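Every number here is computed from the coordinates shown, using simple stated rules; none is lab data. The structure displayed is predicted, hence computed values, not measured ones. No Cβ is skipped: glycine too gets one built from the backbone with ideal geometry, and neighbour counts run over all protein chains shown.
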Amino acid sequence: MISLQDVIMKIQILLLLTLSALFGCENNSENRDSFVYFGGEIINPNNNYVVLTNPDEESDTIYLDNNNRFIKKFTLAKAGLYTFVHGGEYQRVLLEPSDSIMVRLNTIDFDESMVFTGEGARKNNYLIATFLKNETDNKKFMRMMWDMEPNKFGEILNDDRDIKLKELKEFLSQKDYSPLFKSIAESNINYDYYYNKELYPFGYFGYNNLIHYKDLPEHFYDFRSEVDYNNEDLSGVIPYYRFLFYHFNNLALAKYYENATHNVVFDNKSAIYNLEKLRLMDSMIENEKIKNHLLKYTTRDFVAVSEDSSEIKEILNSFLKKSSSESDKAYIQKLVKSVSRLKSGNELPNIKLINHNDEVVEIASLISKPTVIYFWSSNLPLLLRNSHHKVKSLQTKFPELDFIAININDDERAHWKNMVNQHKFSPSNEYQFQNHVEAMSELAINSVNRSILVDGNGKIITSNAMIFTSEFEEELEHILNKKKVHQ
């Protein structure tokens with residue numbers, strides 16, 4: 001039986017198609033191509049708005065109506081991949097002249113449930129299907145690369161790419177598509193292939209034997225001659241940036257192992273290694289947008305985990321000389337200050353949290369004994385479950401400790417509470433930031449993998465704890481033994 005909601009949705013789609021047709025019939029090509037429509041429906045929304053960011057990184061907030069639908073008519077300043085964000089999750093939508101696109105998705109399965117309708121929908125449905133296929137295949141390739149010889153692994157990747165390119169050719173033959181779409185669709189396939197090639201030595205050799213990356217077959221990286229480092233149209237293509245990061249990771253290995261012996265264990269936090277990555281990015285990329293993006297996130301990742309203030313200063317100075325983005329420079333400089341405040345022995349910033357009863361509490365008021373503060377996001381459901389399961393085990397093993405869980409999503413509180421209730425977490429230990437942006441900056445949070453360990457006085461023991469490692473449990477035992485000695 002068709003619901004009233006479905007009927008209304010179909011009417012909206014028909015309206016968009018009609019509007020698109022009307023604009024298509026106008027004689028004035030400037031008017032016809034000036035506007036696009038983008039709208040849709042969010043099932044189980046996490047908040048009351050979506051954010052659409054254009055290729056020039058300018059954002060527009062579009063609010064949902066009472067039926068969780070939205071629609072936006074706007075001038076298309078530039079055709080390309082726009083970023084569509086809701087509740088901390090995102091996906092791309094390709095918008096070109098005269099498009100009238102509706103999207104429907106369920107936040108419970110954000111990417112998997114996404115369906116486009118309207119003028120311009122077919123190309124976007126193809127792109128989302130390709131994205132999902134790549135994500136599934138990459139998990140398979142990740143398992144393969146641990147113990148598969150390079151030539152065999154290369155053959156499997158080649159066959160996979162050939163099949164996907166053949167399917168794309170068949171898809172393109174059914175309709176006339178723009179050169180932009182063809183380029184993006186082909187790049188999604190090629191750069192995903194390149195990415196797996198660049199990732200391979202890290203999986204196959206592992207950090208302990210990564211020096212043997214030099215022993216890969218002579219033609220293993222022949223594809224590098226095809227790489228375009230400066231194609232700004234690809235800056236929204238997820239495999240493109242993913243490839244570039246691992247590409248420069250690989251290239252910088254030559255410098256890292258220049259004088260290393262065979263028993264040297266690779267350290268991705270090495271200042272020499274990260275300085276070389278920044279140097280290569282600066283020398284090999286001309287496009288400012290692409291270069292600045294890689295420089296920013298490479299520097300961010302180093303600063304967030306390094307505990308050597310002199311090395312952080314060295315990396316920062318290198319970044320500041322190479323980046324042309326004033327906003328990126330301000331962001332990294334602020335991050336460096338935040339990280340410096342999180343050094344061992346310093347007091348934990350007294351940020352404000354919201355508890356399950358909607359009360360504002362200062363984090364300092366929750367700390368009376370050694371405490372592990374860990375973070376989670378509804379966008380990472382597997383890590384969400386695993387971290388809480390691990391903490392439950394640690395609570396049993398270390399009853400002398402407290403554990404505080406903080407949700408980092410910038411969502412409505414109702415969604416956070418629903419997640420807590422749905423997973424049957426103890427509400428007494430669950431919190432959310434009162435001011436998301438401020439708290440994320442104060443605690444220098446770039447990854448939910450990182451936890452913070454403080455003593456009973458709220459002094460930081462470490463701000464880079466990894467709760468899943470055996471070293472973490474050894475650290476906890478050391479702290480508790482030390483405490484007993486002083487009692």
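Rounded to the nearest Å, what's the spacing between the alpha carbon centres of region 226-242 and region 118-177? Just the number, please.
If you average the Cα positions of each part, the centres end up 16 Å apart.
Per 0.36 nm of contour for each residue apart, how much would the distance between Lys214 and Glu226 grow if the chain were fully extended, relative to their Cα-Cα spacing? Display every interim value, and only then the final one.
Details: separation 12, 0.36 × 12 = 4.32 nm, distance 2.11 nm.
Stretched out fully, the Lys214 to Glu226 stretch lengthens by 2.2 nm.
Filter the cross-link list Lys269/Lys321; Lys140/Lys166; Lys369/Lys482; Lys123/Lys291 down to pairs whose alpha-carbon distance in this structure exceeds 19 Å.
Numbers: Lys269/Lys321 21 Å; Lys140/Lys166 21 Å; Lys369/Lys482 13 Å; Lys123/Lys291 28 Å.
The pairs that break the limit, which is 19 Å between Cα atoms, are Lys269/Lys321; Lys140/Lys166; Lys123/Lys291.
How many nm separate the modelled label positions at Asn68 and Val437, each set 7 Å beyond the Cα in the direction of the Cβ?
2.7 nm
Within a 10 angstrom radius of the beta carbon, how do Ile460, Ile71 rank from fewest other beta carbons to most?
Fewest to most other Cβ atoms nearby, the residues stand as Ile71, Ile460.
Whole-Hz Karplus ³J(HN,Hα) for region 87-92, in order, using 6.51 cos²θ - 1.76 cosθ + 1.60 and θ = phi - 60°, x for Gly and Pro?
Karplus values, whole Hz, x for Gly and Pro: x, x, 9, 9, 7, 9.
Residues with beta-carbon under 13 Å from that of Asn421, excluding Asn421: net charge, scoring Lys, Arg +1 and Asp, Glu -1? All intermediate terms of the calculation are to be shown ahead of the outcome.
On the way: positive: Arg413, Lys417, Lys424; negative: Glu430.
It works out to a net charge of +2.
So what's region 120-248 giving for Cα Rg divided by 2.2 N^0.38 Å, two decimals?
In units of the 2.2 N^0.38 Å rule of thumb, it is 1.11.
Please state the Cα pair-distance histogram of the chain with 10 angstrom bins from zero: what percent is in each bin?
Bin by bin from 0 Å, the calculated values are 3, 16, 24, 27, 19, 8, 2, 0, 0.
Specify, per residue and in Å³, the volume enclosed by the convex hull of the alpha carbon atoms belonging to region 315-433.
On the way: hull volume 17.9 nm³, N = 119.
Normalising the Cα hull of region 315-433 by residue number yields 150 Å³.
Residue by residue, what Karplus-based ³J(HN,Hα) values in Hz, rounded to whole numbers, does region 97-111 have, using 6.51, -1.76 and 1.60 with θ = phi - 60° and x for Gly and Pro?
Values per residue, Gly and Pro as x: x, 6, 5, 9, 10, 10, 10, 10, 8, 10, 5, 5, 10, 3, 6 Hz.
Restricted to Cα positions, what overall size does region 101-142 have along the principal axes? Three whole-Å values, descending.
The Cα atoms of region 101-142 stretch 36, 23, 6 Å along the principal axes, largest first.
When the helix-only estimate is applied to the chain (DSSP H runs of n ≥ 4, each -39,500 (n - 2.57), divided by the residue count), what is the mean residue ellipticity at 222 nm, nearest 500 deg cm²/dmol?
Computed ellipticity for the chain at 222 nm equals -15500 deg cm²/dmol.
Sequence-distant or interchain residues sharing an amide H contact under 5 Å with Asn346, placed H: which?
Ile460
Taking a spot 7 Å from the Cα of Ser283 along the direction of its beta carbon, which residues of region 212-231 have an amide N less than 17 Å from it?
Those under the cut-off are 229.
Please find the FRET efficiency linking Tyr177 to Asn355, where r is the Cβ-Cβ separation and R0 is fixed at 51 Å, and quote it to the nearest 0.05.
Working: r = 52 Å, r/R0 = 1.02.
That pair, Tyr177 with Asn355, gives E of 0.45.
Report the Rg/Rh value for region 46-191, based on alpha-carbon coordinates and the Kirkwood definition of Rh.
1.02
Mind giving me the nanometre distance, one decimal, between the label points for Lys133 and Glu314, set 7 Å out from Cα along Cα→Cβ?
Once both label points are built, they end up 4.6 nm from each other.
Once phi is turned into θ = phi - 60°, what whole-Hz ³J(HN,Hα) does the Karplus curve with 6.51, -1.76 and 1.60 give for every residue of region 320-331, x standing for Gly and Pro?
So the Karplus estimates, Gly and Pro as x, are 4, 6, 9, 7, 9, 9, 5, 5, 5, 4, 5, 4 Hz.
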